[in-house]
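The values are calculated or read from the model by the stated rules, or taken from the named source; none is laboratory data. In this text, all values refer to a predicted model and were calculated from it rather than measured experimentally. Neighbour counts are summed over all protein chains in view; Cβ atoms, including those assigned to glycine, are modelled from backbone coordinates with ideal geometry. Keep in mind that these areas ignore ligands, DNA and RNA; they rest on the heavy atoms of the full protein, side chains included. Shrake-Rupley method; radii C 1.70, N 1.55, O 1.52, S 1.80 Å.
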Amino acid sequence: AAPYETIRIERHGRVGLITLDRPKALNAINRQLTGEVVAAAEAFDRDPAIGCIVLTGSERAFAAGADIKEMQPKSSLEMYLDDPFAAWDRFTAVRKPIVAAVAGFALGGGCELALMCDFILAADTAKFGQPEIKLGIMPGMGGSQRFTRAVGKAKAMEMCLTGRMMDAVEAERAGLVARIVPAADLLAEALKTAETIAAQSLASVQLTKEAVNRAFETTLSEGLRFERRAFQSLFATEDQKEGMTAFAEKRAPNFRNA
Ligand code: CO8
C-alpha cells in the first residue's frame, strides 16, 4: 500500500474507499492531503479491479475546510505561483464515479471537495457551509460556482455572504445532496450504492458521468447531441448485448467490460 499519512485506503470488492484522516485538524485540507487524495483517486481510476470510488471523512467532520494555519502566512503572489489547490483539477478529471459520504462538518474547501464528487450522500449529522467570508477571503475551490449550480443563486449567495451552515435536511431540500441516511449507516450505505454502480458496465458508467457533467458545460442541443452519440457508441460493446440478453432471459447480467 502507498505510504499515505493523511488518508486511509481500503478496497471493498470493486469499490475503492478513501478516508480523510487528519482527525486533530477536522480533516482540514492541506497540501499533503490534497496530493494524497488526488494520487489515491487516480490510482483507483487506473485500477481495472475498481469500478467506483467513495470519499469519506470522520463522524465529526468530512473536512472543515482548507487548512487555515497553512494558508495564514501566505502572500497573494505565493498563492498565485504555488496554486496549492490546482491539483484538485486532476481529482475532477477522474473518470470513475466518486461518491462523497459526508458526516459532520463539510465547510469551505470541505464543502467544495464534496461538490467535486459526483454526488453526496449525507448523514443526518452533516453540516454544509462556505464560511470563507468570515476569514476575509472567499470560496476558492469551486464554491462560488459548483455550490451555486447545485442550490441556485438565492441560497448560494446567502450562504457565501453570511457564512452560515445548513443542516442535512436543508441541504437535501436545496438539491445539494442526493440522499440523507442515519449517521450510523452512512458508510455502509455509501459502499452499497457504490457497489451497485461498480457492478454495471464501466463504459456505460463513465459515459453517463461524462454526459451528466456535460449538462453543466454546454447548451441543451449540444448536450443532447453528446448524449445521443455516447448512447449510440455503447451499442459497440458486448456488455450492451449481454445486458439486453440477460433482461430477455430474466437473469442478472454478467458485465465483462468488453
Ligand atoms: N484549518 C485548520 N485547522 C482547523 C480547521 C481548518 N479549516 N478547522 C478546524 N481546525 C482545527 C482547529 O484549529 C482545532 O485545532 P486545535 O485543537 O489545534 O486548536 C481542531 O481542528 C478542532 O477544531 P475546533 O476546536 O474549532 O472544533 P469545534 O467543534 O469547536 O468547531 C468548526 C468546529 C466549527 C468546524 C471550527 O473548527 C471551524 O470553524 N473551523 C474552520 C471552518 C472554516 O472556516 N473553513 C473554511 C476554511 S477556508 C477554505 O476552506 C478556503 C477554501 C478554498 C481555498 C482555495 C485556495 C486556492
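Using the alpha-carbon positions of region 113-157, Rg (one decimal) and Dmax (whole number) come out as 11.1, 30 Å. Over region 72-121, Cα pairs under 8 Å with separation of 6+ residues give a relative contact order of 37 percent. The residues 187, 20, 220, 207, sorted by heavy-atom accessible surface at 1.4 Å with ligands and nucleic acids left out, run 220, 187, 207, 20 from largest to smallest.
Over the C-alpha atoms of region 198-258, the Rg to Rh ratio, Rh being the Kirkwood estimate, stands at 1.06. Of the two radii for the chain, the radius of gyration is 0.99 times the Kirkwood radius, both from the alpha carbons; that is the Rg over Rh value. Annotation for region 120-220: chymotrypsin sites (Phe, Trp or Tyr not before Pro) lying in DSSP loop with at most 16 further Cβ atoms inside 10 Å of their Cβ are 216.
Tell me which trypsin sites (Lys or Arg not before Pro) from region 119-205 have a DSSP coil assignment and no more than 16 other beta carbons within 10 Å of their own. Taking region 119-205 and a limit of 16 other Cβ atoms within 10 Å, the loop trypsin sites (Lys or Arg not before Pro) found are 164. Between the amide H of residue 119 and those of 98, 100, distances stay under 5 Å, these residues lying 5 or more places away or on another chain, with hydrogens modeled in the peptide plane. Within region 104-222, antiparallel bridges make up roughly 35 percent of the DSSP beta bridges whose residues both belong there.
Using the alpha carbons of region 1-53, what is the convex hull volume per residue in cubic angstrom, as a whole number? Before the final figure, lay out each step's value.
On the way: hull volume 3.8 nm³, N = 53.
Cα-based convex hull of region 1-53, divided per residue, equals 71 Å³.
Working note: Karplus 6.51/-1.76/1.60 with θ = phi - 60° gives region 212-226 the couplings 4, 5, 4, 4, 9, 10, 8, 6, 4, 5, 5, x, 5, 5, 4 Hz, where Gly and Pro are set to x.
For the set 75, 201, solvent exposure ranked by accessible area (probe 1.4 Å, protein chains only) runs largest to smallest as 75, 201.
The fraction of Cα-Cα pairs per 10 angstrom bin, counted from 0 for region 3-132, comes to 13, 46, 33, 7, 0 percent, rounded to whole percents.
Fraction of C-alpha pairs exceeding 20 angstrom in region 131-226: 57 percent, rounded to a whole number. Pairs from the list 96/153; 127/153; 74/134; 134/155 with a Cα-Cα gap above 21 Å: 96/153. In the chain, a dipole from Cβ-located charges (positive for Lys and Arg, negative for Asp and Glu) runs towards its positive end, and of 161, 77, 197 it is 197 whose Cα lies farthest in that direction. The simple Förster model, with R0 at 30 Å and r as the Cβ-Cβ distance, assigns residue 184 and residue 8 a FRET efficiency of 0.95. Given +1 at the Cβ of Lys and Arg, -1 at the Cβ of Asp and Glu and no other charges, the dipole of the chain around its Cα centre is 400 debye to the nearest 20. Looking at the chain alone, DSSP beta bridges between its own residues are antiparallel in about 30 percent of cases.
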